[in-house]
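Asks: Please find one structure pasted underneath; my questions will follow.
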Amino acid sequence: MNIDRHDDNEPYWEDYLKYCFVSASGGPWYTKTLNALEPGNRIFAMLPKAGYLGVGIVTEKSVPYKDFYIKSSDGVAIHISESDIRKSICNSDPENLEQCGYYVKVDWTKHITTPYWEKGLRANQNSAFVLRHKFTLDKLIDHFEIVE
């Protein structure tokens, strides 16, 4: 899962961690891959050109911007637009289902602040993709101390 960046080139990672989700926007080429994520799937979050930042479990299917609610600090469900998330993540036209952002809830199980990358790891340009490269999987499982 690739992490988007804010307009000022800062990654959304802190927002993703705080509110337990990932997102993609910019049209169907970026958002349609999120539809393949199912509850129970493990995802590795990756900051393009930097490295992997975390691992989590998908808890809900992808939904469009207009249907995405998160829990506020007091535990109340609020629409993402009502949160303190930087608004560039919410720059969607809620009625345009082709162009709006899509969001997937994730239970982050492990995360780091400095992206992990080493020679031989693989990534993909799609927002979400099936990671099949054995060397990369083995290294990520080891790095994030995942017990299978």
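The values are calculated or read from the model by the stated rules, or taken from the named source; none is laboratory data. The model shown is predicted, which means the values in this text are computed figures rather than measured ones. Here Cβ is always computed from backbone atoms with ideal geometry, including for glycine, and neighbour counts include all displayed protein chains.
Asks: Can we say GLY56 is part of a strand (DSSP E or B) and either under 17 Å from ASP15 (Cβ atoms) or small (Gly, Ala, Ser) (or both)?
Replies: Details: part of a strand (DSSP E or B): yes; either under 17 Å from ASP15 (Cβ atoms) or small (Gly, Ala, Ser) (or both): yes.
Criteria met by GLY56.
Asks: Consider region 47-64. How many of its residues are modelled with pLDDT under 90 and within 14 Å of the chain's Cα centre (by Cα)?
Replies: Adding up the residues that qualify gives 2.
Asks: Okay, moving on. Counting only residues that are more than 18 Å from TYR12 (Cβ to Cβ) and at pLDDT below 90, which one in region 73-87 is surrounded by the most Cβ atoms within 10 Å (Cβ to Cβ)?
Replies: SER73
Asks: Among the numbered criteria (1) over 22 Å from ASP15 (Cα atoms); (2) charged (D, E, K, R); (3) surrounded by fewer than 16 Cβ atoms within 10 Å (Cβ to Cβ); (4) in contact (Cβ under 8 Å) with a residue 12 or more places away in the chain, which single criterion is violated by ASP138?
Replies: ASP138 satisfies every listed condition except (4).
Asks: Answer with yes or no whether LEU97 is under 13 Å from the mean Cα position of the chain (by Cα), of a type in the set (A, V, I, L, M) and surrounded by 13 or more Cβ atoms within 10 Å (Cβ to Cβ).
Replies: No.
Asks: Also, quick follow-up: Say we look at region 105-120 and pick out the residues that are hydrophobic (A, V, I, L, M, F, W, C) and modelled with pLDDT of 95 or more; which of these is farthest from LYS71 (Cα to Cα)?
Replies: TRP117
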